[in-house]
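The following block contains the structure, expressed as structure tokens.
The values are calculated or read from the model by the stated rules, or taken from the named source; none is laboratory data. Computed from a predicted structure; not experimentally measured. Every residue, glycine as well, gets a Cβ built from its backbone with ideal geometry; the counts of neighbours run over all protein chains shown. Please note that ligands, DNA and RNA were not included when accessible areas were found on the heavy atoms of the full protein model with its side chains. Shrake-Rupley method; radii C 1.70, N 1.55, O 1.52, S 1.80 Å.
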Amino acid sequence: MSRLRGAVVAPVLAIAVAALLCGIALVISGASPWTAITTILSQVGSGTVVVDTVNSASVYYLAALAVAIGFQMRLFNLGVEGQFRVAACVAAIVGGTVALPPVLHTVLIMVVALLTGAAWVAIPALLKAYRGVSEVISTIMLNAIATGLIAYLIRAETFGELRGNNITTPPIPESGWFPGIPVGNGAIFGMVFVAAALGVGYWFLLGRTRFGFELRASGESATAAATGGVNARRTIVVALLLSGAVAGLVGLPELLGRDHAYTLSSPQGYGFTGIAIALLGRNHPVGIALGALLWAFLDKSAVALDVVGIPREIVLIMQGLIVLSVVVAYEVVRRVERRAEQRRVAAAAPAPQPAEVSS
């Protein structure tokens, strides 16, 4: 009963605190909270907002899943940004230079992205497992290296092409595209279903497999897990490789569903957004999906807020306040429940018996 109460109280408290803080931020900025909320809600169903929201959410979802895999073992893969960008660039190069039948071509691009993302994170994984190097530092440093590597790969002298004022990889033929589903004036990326399948796989891996148990056990207590026979080094390497492989897919919804090439102006920042959404969703696949949809919807609402005179930057403040509220609310509820449990245990413990006095 207490767990059920905690599961209800925490999100309700988070929503209430987030709404209060966002309202205060809007008032400070000189905007009307009522105008902001009605403007945001008016976007539902207008134009291609729903399609764009789902498409953006699929990208955020993949990024957050990549981060969450590491979080389950208390590993902070802050290099999702570099992993997905390098993987998208290499996959675009391969996809634009080979010729294969439709399905095989798309599968090849996806496999290349998976392997590239895993290979890019293998360096910090091995350093963490065998040398104890912090994965936070190594993955962040690799983000900077990724930027330089991408700039080299898409030069006109290597694999790139100069088109107008932009540099791009060779365009991927239609045989390598991932077809979407037309909805109204837009189309939902086909990779949305791949993201959903990965969410199911993530749930199954953590809750129904031995490796998932070892992963969570190592995250709770590395010492206890090692005592139980868990190979800590192997678990670290495999967890980070899985995280990097999923990160390698982050750029594919847009690459295979819209852009069909990687350029200097290709989207960035998804890796760091994934960290916030993983925290927002509490590393649960359903929670991450809801967080990704909320984040994407707020992104699409920024333009509408700008039209009514509310600075679009207020959306960034709202997103940050929502994440902060969720993290704080769950931590407060967790501490209250722990103290209540300690009081129950103390109350149920038998009272000490007075010592007998020998005559």
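Looking at (1) over 15 Å from Phe178 (Cα atoms); (2) open to solvent by 20 Å² or more (accessible area, probe 1.4 Å); (3) at pLDDT below 95, which is the only condition Gly79 fails?
Condition not satisfied by Gly79: (2).
Same structure, new question: Report the residue count in segment 1-29 for those that are part of a loop (DSSP other than H, G, I, E, B) and either modelled with pLDDT of 85 or more or open to solvent by less than 70 Å² (accessible area, probe 1.4 Å) (or both).
Selection size over segment 1-29: 1.
Follow-up. Checking Leu100 against (1) over 20 Å from the mean Cα position of the chain (by Cα); (2) in contact (Cβ under 8 Å) with a residue 12 or more places away in the chain; (3) part of a helix (DSSP H, G or I), which single condition isn't satisfied?
Among (1) over 20 Å from the mean Cα position of the chain (by Cα); (2) in contact (Cβ under 8 Å) with a residue 12 or more places away in the chain; (3) part of a helix (DSSP H, G or I), Leu100 violates only (3).
Do we find that Ile317 is open to solvent by 70 Å² or more (accessible area, probe 1.4 Å), within 19 Å of Gly23 (Cβ to Cβ), part of a helix (DSSP H, G or I) and touching a residue at least 12 places away in the same chain (Cβ under 8 Å) in this structure? Give the steps one after another, and end with the answer.
Working: open to solvent by 70 Å² or more (accessible area, probe 1.4 Å): yes; within 19 Å of Gly23 (Cβ to Cβ): yes; part of a helix (DSSP H, G or I): yes; touching a residue at least 12 places away in the same chain (Cβ under 8 Å): yes.
Taking the combined requirement at face value, the residue satisfies it.
Continuing with the same structure: Could you say which residue among Arg74, Arg85 is of a type in the set (Lys, Arg) and either farther than 30 Å from Ile236 by Cβ or buried (at least 19 other Cβ atoms within 10 Å of the Cβ) (or both)? Before you say what the answer is, go through the steps one by one.
Numbers: Arg74 fails: either farther than 30 Å from Ile236 by Cβ or buried (at least 19 other Cβ atoms within 10 Å of the Cβ) (or both).
Result of the check over Arg74, Arg85: Arg85.
Name the single residue that is least open to solvent (accessible area, probe 1.4 Å) among those in segment 222-238 being farther than 19 Å from Asn77 by Cα and either polar (S, T, N, Q) or touching a residue at least 24 places away in the same chain (Cβ under 8 Å) (or both).
Within segment 222-238, the subset farther than 19 Å from Asn77 by Cα is 223-231.
Retained after the next criterion (residues that are either polar (S, T, N, Q) or touching a residue at least 24 places away in the same chain (Cβ under 8 Å) (or both)): 223, 227, 231.
Details: Thr223: 104, Thr227: 119, Asn231: 81 Å².
The selected residue is Asn231.
Among the residues of segment 292-308, which ones are out of contact with any Lys or Arg (no Cβ under 9 Å at 6 or more places or on another chain) and either open to solvent by 60 Å² or more (accessible area, probe 1.4 Å) or closer than 18 Å to Ala10 by Cβ (or both)?
Leu293, Leu294, Lys300, Val307, Val308
Name the residues in segment 261-281 that are over 10 Å from the mean Cα position of the chain (by Cα) and surrounded by 18 or more Cβ atoms within 10 Å (Cβ to Cβ), would you?
Taking segment 261-281 and keeping what is over 10 Å from the mean Cα position of the chain (by Cα), we get 261-269.
Of everything in segment 261-281, those that are over 10 Å from the mean Cα position of the chain (by Cα) and surrounded by 18 or more Cβ atoms within 10 Å (Cβ to Cβ) turn out to be Ala261, Tyr262, Ser266.
So is Leu241 within 20 Å of the chain's Cα centre (by Cα) and open to solvent by 30 Å² or more (accessible area, probe 1.4 Å) or not?
On the way: within 20 Å of the chain's Cα centre (by Cα): yes; open to solvent by 30 Å² or more (accessible area, probe 1.4 Å): yes.
The answer is yes for Leu241.
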